[in-house]
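J.: Pasting a structure below so you can have a look.
The values are calculated or read from the model by the stated rules, or taken from the named source; none is laboratory data. Note that this is a predicted model, so its numbers are computed, not measured. FYI the Cβ positions are ideal-geometry reconstructions off the backbone, even for glycines, and counts take in every protein chain you see. Please note that ligands, DNA and RNA were not included when accessible areas were found on the heavy atoms of the full protein model with its side chains. Shrake-Rupley method; radii C 1.70, N 1.55, O 1.52, S 1.80 Å.
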Amino acid sequence: MISKGIVDSYFEKFKKILNVDVAIVGGGPSGLVAAYYLAKNKQNVVLFERKLAPGGGMWGGAMMFNDIIVQHDAIPIVQELGISFKPYDKGLYIIDSVQATSALIYHTSKTGATLMNCISVEDVVLHDDKVNGVVINWAPVHREKMHVDPVVVIAKAVLDATGHDCEVARILERKNGIKLDTPTGNVVGERSMCVFEAERTTIENTKEIFPGLFVSGMAANGVNGSFRMGPIFGGMLLSGKKVSEAISYSISQLV
Ligand code: 48F
């Protein structure tokens, strides 16, 4: 009886995410914030995270010292999510990384986004020269290198929020010989650490890089050849919010 309840409920959820407005790949801070605002804006959104726990690089603070820094500009998002913060220096605030990450996950789910953990995105769906979905499989299938065919999820827009690896953009480029909206037309790859410059460009680089494919967070800097920034998270939060607005607008323009 208990197992039946879980199986019935899970497959009900699974059926609902087979055709969505937005499919987000990666449950780090930028992907979670994007999912939160898209769900708040009544989009049907699913987020795929290959690990057991969403949260990406936010849990661990700096070298496992579990506090993070957020800039003044991102404090309205922090307040909206009910996360505690304390002033530190010149427009910078300190936040407990475990409280921040769990709050993000909780509010994203509670607002109506569907979070699917333990699932990896291994490819995109290309139709009429536009990305219109993702190809998924169980994360352990990939880890064990099992030869098992995947399942397809159709989406009006796809977000690559996979962090430093920019996995979705790399797959799209490698398999299809297409040009991305980046300085070289390819995934340029991230540069070394340059904290405040990287924070600024994270937001600047947050955009649609190919019809139907958007990038946020560290993936936005990675595809565009910008710097990394370490345990400062304002750019990630603002990037997630910015991309949610770009995606909502793009969907509103579809006939
Ligand atoms: O790296 P990550 O936290 O992404 P982000 O939102 O934030 C970056 C910061 O955490 C930090 C930083 C600081 O400011 O530089 O690194 O850009 O989270 C990315 C998530 O995507 C998952 C991965 O497990 C991680 O949780 N992921 C990556 N590739 C896939 C994936 C995939 N193909 N399918 C599913 N999940």
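J.: State yes or no: is VAL135 open to solvent by less than 10 Å² (accessible area, probe 1.4 Å) and touching a Pro at 6+ places or on another chain (Cβ under 9 Å)? Before you say what the answer is, go through the steps one by one.
T.: On the way: open to solvent by less than 10 Å² (accessible area, probe 1.4 Å): no; touching a Pro at 6+ places or on another chain (Cβ under 9 Å): yes.
So VAL135 does not fit the description; no.
J.: Further, regarding this structure: Let me spell it out: the conditions are (1) closer than 26 Å to VAL151 by Cα; (2) open to solvent by less than 40 Å² (accessible area, probe 1.4 Å); (3) in contact with an Asp or Glu (Cβ under 7 Å, 6 or more places away or on another chain), and GLY61 meets all of them except one. Which number is the exception?
T.: Exception for GLY61: condition (1).
J.: Look at segment 216-236 and say how many of its residues are more than 9 Å from the ligand (Cβ to nearest atom) and buried (at least 22 other Cβ atoms within 10 Å of the Cβ). Explain how you work it out, then say what you get.
T.: Step one: filter segment 216-236 for residues more than 9 Å from the ligand (Cβ to nearest atom), giving 223-227.
Among the residues that remain, those that are also buried (at least 22 other Cβ atoms within 10 Å of the Cβ) are: 223-224, 226.
So the answer is 3.
J.: What number goes with the only condition from (1) more than 29 Å from ILE95 (Cβ to Cβ); (2) within 15 Å of the ligand (Cβ to nearest atom); (3) not aliphatic (A, V, I, L, M) that GLU49 does not pass?
T.: Here GLU49 clears every test but (1).
J.: Can you pull out every residue in segment 191-215 that is of a type in the set (S, T, N, Q) and surrounded by fewer than 16 Cβ atoms within 10 Å (Cβ to Cβ)? Full working, then the answer.
T.: Here is the first cut: in segment 191-215, the residues of a type in the set (S, T, N, Q) are 192, 201-202, 205-206.
Hit for segment 191-215 is SER192, nothing else.
J.: Looking at VAL70, VAL121, can you tell me which residue is within 22 Å of LYS13 (Cβ to Cβ), of a type in the set (A, V, I, L, M) and out of contact with any Pro (no Cβ under 6 Å at 6 or more places or on another chain)? So that I can check it myself, show each step before the final result.
T.: Working: VAL70 fails: within 22 Å of LYS13 (Cβ to Cβ).
Matching residue, one of VAL70, VAL121: VAL121.
J.: While we're looking at this one, here's another question. For ILE247, are the conditions met, namely being more than 14 Å from the ligand (Cβ to nearest atom) and either open to solvent by 10 Å² or more (accessible area, probe 1.4 Å) or assigned to a helix (DSSP H, G or I) (or both)? Break it down stepwise before answering.
T.: Details: more than 14 Å from the ligand (Cβ to nearest atom): yes; either open to solvent by 10 Å² or more (accessible area, probe 1.4 Å) or assigned to a helix (DSSP H, G or I) (or both): yes.
Judged against the criteria, ILE247 is a match.
J.: If you check GLU144, GLU167, which single one turns out to be under 16 Å from PHE214 (Cβ atoms) and charged (D, E, K, R)? Spell out the reasoning first.
T.: Working: GLU144 fails: under 16 Å from PHE214 (Cβ atoms).
Just a single option satisfies the conditions, and that option is GLU167.
J.: Restricting attention to segment 69-117, report how many residues are farther than 21 Å from ALA23 by Cα and either among the basic types (Lys, Arg) or part of a strand (DSSP E or B) (or both).
T.: So the count comes out to 13.
J.: From LYS207, LYS175, LYS145, LYS179, grab the single residue that is more than 16 Å from the ligand (Cβ to nearest atom) and among the basic types (Lys, Arg). Before you say what the answer is, go through the steps one by one.
T.: Numbers: LYS207 fails: more than 16 Å from the ligand (Cβ to nearest atom); LYS175 fails: more than 16 Å from the ligand (Cβ to nearest atom); LYS145 fails: more than 16 Å from the ligand (Cβ to nearest atom).
After ruling out the rest, the residue left standing is LYS179.
J.: Output the residues belonging to segment 168-215 that are within 17 Å of VAL131 (Cα to Cα) and aromatic (Phe, Trp, Tyr).
T.: PHE210, PHE214 - these are the residues of segment 168-215 that are within 17 Å of VAL131 (Cα to Cα) and aromatic (Phe, Trp, Tyr).
J.: Criterion first (charged (D, E, K, R), surrounded by fewer than 19 Cβ atoms within 10 Å (Cβ to Cβ), at pLDDT 95 or above and not in a helix (DSSP H, G or I)) does LYS51 satisfy it? Break it down into steps so the answer makes sense when it comes.
T.: Details: charged (D, E, K, R): yes; surrounded by fewer than 19 Cβ atoms within 10 Å (Cβ to Cβ): yes; at pLDDT 95 or above: yes; not in a helix (DSSP H, G or I): yes.
Taking the combined requirement at face value, the residue satisfies it.
J.: Among the residues of segment 118-130, is any over 16 Å from the mean Cα position of the chain (by Cα), polar (S, T, N, Q), crowded, with 16+ Cβ neighbours inside 10 Å and part of a strand (DSSP E or B)?
T.: Restricting attention to segment 118-130, the residues satisfying the condition of being over 16 Å from the mean Cα position of the chain (by Cα) are 125-130.
After this cut, where a residue has to be polar (S, T, N, Q) as well, the list is none.
The answer is no; no qualifying residue exists.
J.: Which of the residues that make up segment 4-41 are open to solvent by 80 Å² or more (accessible area, probe 1.4 Å) and free of Cβ contacts under 8 Å to residues at least 12 places away in the same chain?
T.: LYS4, ILE6, PHE11, GLU12, LYS15
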